[in-house]
Every structure is written in structure tokens, then in C-alpha cells.
Amino acid sequence: VQLQASGGGLVQAGGSLRLSCANSGRSFRYAMGWFRQAPGKEREFVAAITWSGGNTNYADSVKGRFTISRDNAKNTVYLQMNSLKPEDTAVYYCAADRDWGSADRTSTSTYDYWGQGTLVTVSS
């Protein structure tokens, strides 16, 4: 599994960005998550999606603004971010979980593979 995150950039508050995470490996039968890490802070959960796409969950701080989705035919997971705020500024990471039955996909320790991160900067 090789995850490549992209789509970050500089955007004004209230704007939108869509992040992508492509898996160049052979299989994409994993649950996927997005995390972020702001300078001087710990990495935190943003959103997760099951392999089928049938279940998603979000951090309270992004509910109603961010949407996680996936296209298994393209081996890609997306994070649509709307109504961005300066506090959303961070490096965003995608991650893959091999265990379909994981109980807690908000924890970094649940995930087996990580992408390299893409920087999102939201100006006020």
C-alpha cells in the first residue's frame, strides 16, 4: 500500500478545497481515514470511511463542513472541505486500516499505512 495525498494549498477563510488520497498498491479494500496535525499539536482525527463507503464518521469540529468519500474503482479517497476556517490549517494525512472490524477509527494507532501529508493553509 502506498498512499499519496494531494490537493492542499492556500485558501481564504470560507473557501473550499478537495483533498485526494490515491493508493498505488494492488488492493484498496481498506477502511480509510483523514487526520491532521497543526504546528505544535498532536495529530488529530478528522474523518473516516469504511471500505464500502457505507459508513462515515467525523470529528465534531468538521461535521457539516467536511465530507469524506471514496471511489474504489480509482483507488482514491477524498475529503471535501467547505467553509474553511483558519483553525483548519494543518498538514492533512490519509491513512488505511486493514482491519474491517476496527472499533475505533478515530485513533491513529488503528491505522496501518500512512500517506506523506498535504499542507492546508487557511488565511483569515
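Structure values in brief
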| read-out | value |
| --- | --- |
| Filtered trypsin sites (Lys or Arg not before Pro), region 32-62: DSSP coil and at most 15 other beta carbons within 10 Å | Lys41 |
| Set of lysines near Lys63 by C-alpha distance (under 18 Å), chain-local residues within fewer than 8 positions excluded | Lys85 |
| Rel. contact order, % - alpha carbon contacts under 8 angstrom, at least six apart, region 1-68 | 21 |
| Where the Cα pairs of region 63-124 fall when distances are cut into 5 Å bins, in % | 4, 14, 20, 25, 21, 11, 4, 1, 0 |
| Accessible area (Å², per residue) of the chain, counting only protein heavy atoms and a probe of 1.4 Å | 51 |
| Cα coordinate range in region 1-106, projected on the principal axes (Å, largest first) | 36, 26, 26 |
| Rounded to 5, the percent of DSSP beta bridges in the chain classed as antiparallel | 90 |
| Accessible surface of the chain [probe 1.4 Å, protein heavy atoms]: carbon and sulfur percent | 45 |
| Relative contact order [Cα under 8 Å, 6+ residues apart], the chain, whole percent | 36 |
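The values are calculated or read from the model by the stated rules, or taken from the named source; none is laboratory data. A quick note: this is a predicted structure, and the numbers were derived from the prediction, not measured. Backbone-built Cβ (ideal geometry, glycine too); neighbour counts: all protein chains shown. Ligands, DNA and RNA are stripped out before the accessible areas are found, and what is left, the full protein with its side chains, is counted by its heavy atoms. Shrake-Rupley method; radii C 1.70, N 1.55, O 1.52, S 1.80 Å.
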